[in-house]
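> So that we are looking at the same thing, I have put the structure below in structure tokens.
The values are calculated or read from the model by the stated rules, or taken from the named source; none is laboratory data. What you are looking at is a predicted structure, and each value in this text was computed from that prediction instead of being measured. Glycine gets a Cβ as well: all are built from the backbone with ideal geometry, and neighbour counts include every protein chain shown.
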Amino acid sequence: MAAHHWTTRDIPDLHGRTAVVTGANTGLGFAIASVLAQRGAEVVLACRSEDRASAAADRIRGAAPGSVVRTVPLDLESQDSVRVAAQRLHDAYDHIDLLVNNAGGFRPRYAVTEDGFEATMAVNHLGPFAFTGLLRDMMTGVPGSRVVTVASNGHRNGTVDPANLNPQRGKKYRYIAAYNRAKLANLLFTYELNRRFEASTAQTVALAGHAGLARTDGARDMSWVVRTLVSPKINPIMRMISQSAEMGALGPLRAATDPQARGGEYYGPRGNTGHPVRAVSSATSQDVDLQRRLWAESERLTSVTY
């Protein structure tokens, strides 16, 4: 008997559920939000650009007539924006069933945010860390609620020193290293968050997913020369070994909706492409001491205490 390949057809009915998806106006986030809306969830697109979020919401409604899709401004590079977005969600909803921390990416050159954080770490980890913490009270009493963070295979090449989250400056900055470091932080955060949920009375679990190598706009801020080398949308060789955003979204979607998925699990294709399976992350990502030290430093930097 052929092995079953998990697809969107395996997603249960989501009517009555509320989902928040960050970075949902394009790429993986848009694909994830679209499927959740099609399956009946009320979806909030939390995005940096209000105009793009509004246009994306219209597209989702057009493809899923009757769906409820709303937007909230969110710039994960700004802790002030994170707090304002979280408060708006508190004002608009009494609970959240699903939070998908999808927004991410990298800066081609070293940059520091208004809060003094290295920008790639801010948008991929410190922003989502604070956003999740500020919304946790809307989830912990909700049966079946989940926090899903989108990681990457790049985490396997990442290193994190919690005592120095801005280790590369000026000419020493390498955007790939910065991205891999932030993606490792995503998994360290997920595992520690789930352990804390399990140790409490929360009815929430934390999981992670990855997209393999998907054709998205992740390289949009790079120079044309770099994009021609690394972007699956431009480079024909990269296109051949990558998959669509819709296929890439299946890993995070399985983590978010599969009734059989359990807290602390990680889903995505076995390699660059394919249907999602339960994945095994790097030994470094499973280092409990490193998870706890990163957590403590993240609380200190963001002033968000769980």
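> Within region 1-57, which residues are over 19 Å from the mean Cα position of the chain (by Cα), in a helix (DSSP H, G or I) and not charged (D, E, K, R)?
Those that are over 19 Å from the mean Cα position of the chain (by Cα), in a helix (DSSP H, G or I) and not charged (D, E, K, R): Gln38, Ser54, Ala55.
> Something else about it: So which residues in region 174-193 are of a type outside the set (Gly, Ala, Ser), in a helix (DSSP H, G or I) and over 15 Å from the mean Cα position of the chain (by Cα)? Working first, answer last.
Within region 174-193, the first condition is being of a type outside the set (Gly, Ala, Ser), and the residues that meet it are 174-176, 179-181, 183-184, 186-193.
Now restrict to residues that are in a helix (DSSP H, G or I): 175-176, 179-181, 183-184, 186-193.
If the condition is that a residue be of a type outside the set (Gly, Ala, Ser), in a helix (DSSP H, G or I) and over 15 Å from the mean Cα position of the chain (by Cα), then Tyr175, Ile176, Glu192 are the ones that fit.
> Looking only at residues in region 86-119 that are among the β-branched types (Val, Ile, Thr) and part of a loop (DSSP other than H, G, I, E, B), which one is nearest to the chain's Cα centre (by Cα)? Show your work before the answer.
Start the filter on region 86-119 by keeping residues that are among the β-branched types (Val, Ile, Thr), which leaves 96, 100, 112-113.
The next check asks that each one be part of a loop (DSSP other than H, G, I, E, B); those that pass are 96, 113.
Values: Ile96: 16, Thr113: 20 Å.
Step by step, filter region 86-119, then rank; the result is Ile96.
> What is the residue count in region 258-306 for residues that are modelled with pLDDT under 95 and either touching an Asp or Glu at 6+ places or on another chain (Cβ under 8 Å) or not in a loop (DSSP other than H, G, I, E, B) (or both)?
Qualifying residue count for the region: 1.
> Then there is this: Would you mind telling me which numbered condition in (1) farther than 22 Å from Gly104 by Cα; (2) touching a helix residue (DSSP H, G or I) at 6+ places or on another chain (Cβ under 7 Å); (3) small (Gly, Ala, Ser) Ala182 fails?
Among (1) farther than 22 Å from Gly104 by Cα; (2) touching a helix residue (DSSP H, G or I) at 6+ places or on another chain (Cβ under 7 Å); (3) small (Gly, Ala, Ser), Ala182 violates only (1).
> Now a separate question. If only one of Leu99, Leu14, Leu28 is in contact (Cβ under 8 Å) with a residue 60 or more places away in the chain, in contact with a strand residue (DSSP E or B) (Cβ under 9 Å, 6 or more places away or on another chain) and farther than 25 Å from Arg181 by Cα, which one is it? Give the derivation first.
Details: Leu99 fails: farther than 25 Å from Arg181 by Cα; Leu28 fails: farther than 25 Å from Arg181 by Cα.
When all the criteria are applied, what remains is Leu14.
> Mind checking which residues of region 71-83 are surrounded by 15 or more Cβ atoms within 10 Å (Cβ to Cβ) and outside any strand (DSSP E or B)?
Leu74, Asp75, Leu76, Glu77, Ser78, Gln79, Ser81, Val82, Arg83
> Right, next: So for region 171-182 (the condition being buried (at least 24 other Cβ atoms within 10 Å of the Cβ), of a type outside the set (A, V, I, L, M) and at pLDDT 95 or above), does at least one residue qualify?
Yes, region 171-182 contains a residue that is buried (at least 24 other Cβ atoms within 10 Å of the Cβ), of a type outside the set (A, V, I, L, M) and at pLDDT 95 or above.
> Considering only region 30-70, state which residues are surrounded by fewer than 21 Cβ atoms within 10 Å (Cβ to Cβ), within 19 Å of Gly16 (Cα to Cα) and among the hydroxyl-bearing types (Ser, Thr, Tyr).
Ser67
> Quick one: Thr149 ticks every box in (1) in a strand (DSSP E or B); (2) surrounded by fewer than 23 Cβ atoms within 10 Å (Cβ to Cβ) bar one, so which box is it?
Looking at each condition in turn, Thr149 falls short on (2).
> Residue pairs, Cβ under 7 Å, 6 or more apart or interchain, first in region 60-84 and more than 28 Å from Ser303 (Cβ to Cβ), second crowded, with 21+ Cβ neighbours inside 10 Å and not aliphatic (A, V, I, L, M). List them.
Hits for this filter: Ile60/Ser34; Ala63/Ser34.
> Also, I was wondering about something else. Is at least one residue of region 35-57 among the β-branched types (Val, Ile, Thr) and touching a residue at least 60 places away in the same chain (Cβ under 8 Å)?
yes
> Can you tell me which residue in region 197-225 is nearest to Asp97 (Cα to Cα), limited to those that are at pLDDT 90 or above and surrounded by fewer than 15 Cβ atoms within 10 Å (Cβ to Cβ)?
Among those that are at pLDDT 90 or above and surrounded by fewer than 15 Cβ atoms within 10 Å (Cβ to Cβ), it is Gln203.
> Could you tell me whether Ser67 is more than 19 Å from Gly133 (Cβ to Cβ) and under 19 Å from the mean Cα position of the chain (by Cα)? Spell out how you get there, then give the answer.
On the way: more than 19 Å from Gly133 (Cβ to Cβ): yes; under 19 Å from the mean Cα position of the chain (by Cα): no.
So Ser67 does not fit the description; no.
> Give the residue that is nearest to Leu213 (Cα to Cα), with candidates limited to residues of region 27-71 that are of a type in the set (S, T, N, Q) and touching a helix residue (DSSP H, G or I) at 6+ places or on another chain (Cβ under 8 Å). Reasoning before the result, please.
Kept after step one, since they are of a type in the set (S, T, N, Q), are these residues of region 27-71: 34, 38, 49, 54, 67, 71.
Applying the additional criterion that residues be touching a helix residue (DSSP H, G or I) at 6+ places or on another chain (Cβ under 8 Å) yields 34, 38, 67, 71.
On the way: Ser34: 20, Gln38: 24, Ser67: 30, Thr71: 28 Å.
Filtering first and then ranking leaves Ser34.
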